[in-house]
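Take a look at the structure set out below.
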Amino acid sequence: MAGSPAIHVGSDTRAKSQAQAMIDAEFAIRETGLEVSFVSDPHIAGAGTLNGNGVAVMVTCLSLGSRTFIEVVGTSLDGDAAEEVRNRVRTIAMGSPS
């Protein structure tokens with residue numbers, strides 16, 4: 001729909017604690033050049049500008065025992081920017097598959 005934000009979602013599980021996943025998500029948001037705009041366990045979000053486009057991203061980290069489910073949602077009025085912010089934050093926050 002014209003004028004509506006694009007939404008890109010990616011998720012997986014990692015062999016790390018929820019607390020570590022939240023720390024990694026915050027680092028990923030800041031490392032991407034965004035400001036953390038919202039923290040309410042199990043969510044952390046950030047917003048800012050990426051390549052001249054306004055973007056927002058939210059990471060959810062849910063404990064599954066020895067693993068943590070991590071979901072990254074990137075949004076922007078520019079679909080490419082939404083995808084890029086999701087990919088950047090997801091890559092840093094999740095790290096290598098485990």
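The values are calculated or read from the model by the stated rules, or taken from the named source; none is laboratory data. Just so it is clear, the structure is predicted and the values come from calculations on it, not from any experiment. Neighbour counts are summed over all protein chains in view; Cβ atoms, including those assigned to glycine, are modelled from backbone coordinates with ideal geometry. For the accessible areas, the whole protein counts, side chains as well, though only heavy atoms, and no ligand, DNA or RNA atoms are used. Shrake-Rupley method; radii C 1.70, N 1.55, O 1.52, S 1.80 Å.
Quick grid of which residues meet (1) within 15 Å of Arg88 (Cβ to Cβ); (2) among the charged types (D, E, K, R):
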| residue | (1), (2) |
| --- | --- |
| Lys16 | no, yes |
| Ile23 | no, no |
| Arg30 | yes, yes |
| Pro42 | no, no |
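Within region 1-39, restricting attention to residues that are under 12 Å from Val72 (Cα atoms) and part of a strand (DSSP E or B), the residue that is least open to solvent (accessible area, probe 1.4 Å) is Gly10.
Inside region 40-88, residues that are open to solvent by less than 10 Å² (accessible area, probe 1.4 Å), touching a Gly at 6+ places or on another chain (Cβ under 7 Å) and closer than 13 Å to Ala25 by Cα make up a count of 3.
Just name the residue that is farthest from Thr68 (Cα to Cα) out of those in region 1-40 that are of a type in the set (D, E, K, R) and touching a helix residue (DSSP H, G or I) at 6+ places or on another chain (Cβ under 7 Å). Can you show your working first?
First, the residues of region 1-40 that are of a type in the set (D, E, K, R): 12, 14, 16, 24, 26, 30-31, 35.
Filter once more, keeping what is touching a helix residue (DSSP H, G or I) at 6+ places or on another chain (Cβ under 7 Å): 12, 14, 24, 31.
On the way: Asp12: 8, Arg14: 5, Asp24: 12, Glu31: 21 Å.
Going through the qualifying residues, I end up with Glu31.
Return the residues of region 62-87 that are of a type in the set (Gly, Ala, Ser) and touching a Ser or Thr at 6+ places or on another chain (Cβ under 8 Å); say none if nothing qualifies. Ser63, Ala82 - these are the residues of region 62-87 that are of a type in the set (Gly, Ala, Ser) and touching a Ser or Thr at 6+ places or on another chain (Cβ under 8 Å).
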